[in-house]
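Comments concern the structure below.
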Amino acid sequence: MNLIAILISAMIVNNIVLMQFLGLCSFFGVSTKMKSVVGMGAAVIVVIFLSAAITFPLYKFVLIPLKIEYIDTIAFILVIASLVQLTELVIKRFSQSLYKALGVYLPLIATNCAVLGVALTNITIDQTYVEALFNALGGGMGYAFIIITFTAIRMRLDSASVTKALKGMPIALVTAGLMALAFMGLAGII
Amino acid sequence: MWTSYLILIGIIVGFIGLYMFTTYLNKKIAVPESCKAAYLEAQSCESCASRGGGCGFSDAIEFMKEVKPE
């Protein structure tokens, strides 16, 4: 499969939020203000890409040769958490403007299962390092795309006349369900 | 056989050590004054906070106490 197909597949067809149901906590929790979700989406793209860049070779060149690949989940959790701390530290220290835009969302991403999900999916598929990086990039971009779209719909719903019982989170869940159904129509095209 | 266990324990301890070290370094550098408002705003994730608590362990315990049946 070529790299563009991998990118589109990870971003839209196998979207991590709507098709794999990963990262739903931050998806519902942060999607209230457009400014926040743009920063959050960008931060998720960076973290997913960096974590895939580290976890894929870690699995292939350390865990498999030492025959301890069964600790992949715990190893990835610790590596991703360390990576998020390190990224936050570097951004905080060297660029305040970048920290304001991206860094403030990093503590929320440390516990985001979407990051771990992409890292674990990458090792189960038979692919090269570059393909794994494109898969991670597509996954992050898919998260950002969906959370921005969802926030736009939620902002529109705030001014719509919704039944009292459905106001707030219930209508958000219904909306997310309808979006997931729409995305299911794309299954199998790549 | 023991060597494989030692390697396993060494690697896990190494990862935990790496995490603790990066967390320690990160905590040593305070959030810049100009970013404090943005930082606090970003942490107001509504998934847990909407019911009046936070995402911390102590908040979760408090919530569990609240919903505990009589």
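Descriptive notes on the structure:
- Taking the range A:65-122 as the region of interest, the helices (runs of 4 or more DSSP H) fully inside it that hold 2 or more residues being within 10 Å of chain B (Cβ to nearest Cβ) and modelled with pLDDT of 90 or more are A:72-94.
- Flag if A:VAL46 is open to solvent by 40 Å² or more (accessible area, probe 1.4 Å), more than 30 Å from B:TYR5 (Cα to Cα) and of a type outside the set (Ser, Thr, Tyr): yes
- Residue that is at pLDDT 85 or above, open to solvent by 40 Å² or more (accessible area, probe 1.4 Å) and either assigned to a helix (DSSP H, G or I) or over 22 Å from A:LEU98 (Cα atoms) (or both), where the choices are A:ILE54, A:ILE16: A:ILE54
- Within the range A:32-51, residues that are within 13 Å of chain B (Cβ to nearest Cβ) sit with their Cβ atoms under 7 Å from residues that are among the basic types (Lys, Arg), at 6+ positions apart or across chains, in these pairs: A:THR32/A:ARG154.
- Looking only at residues of the range A:136-190 that are under 13 Å from A:ILE16 (Cα atoms) and of a type outside the set (A, V, I, L, M), we find that the one that is surrounded by the fewest Cβ atoms within 10 Å (Cβ to Cβ) is A:PHE145.
- Members of the range A:112-151 found to be of a type in the set (Asp, Glu) and in contact with a helix residue (DSSP H, G or I) (Cβ under 9 Å, 6 or more places away or on another chain), listed by number: A:GLU131
The values are calculated or read from the model by the stated rules, or taken from the named source; none is laboratory data. Quick caveat, the model's predicted, so the values are computed rather than measured. Cβ: placed from backbone, ideal geometry, glycine included. Neighbour counts: every protein chain shown. Ligands, DNA and RNA are excluded from the accessible area calculation, which covers all protein heavy atoms including side chains. Shrake-Rupley method; radii C 1.70, N 1.55, O 1.52, S 1.80 Å.
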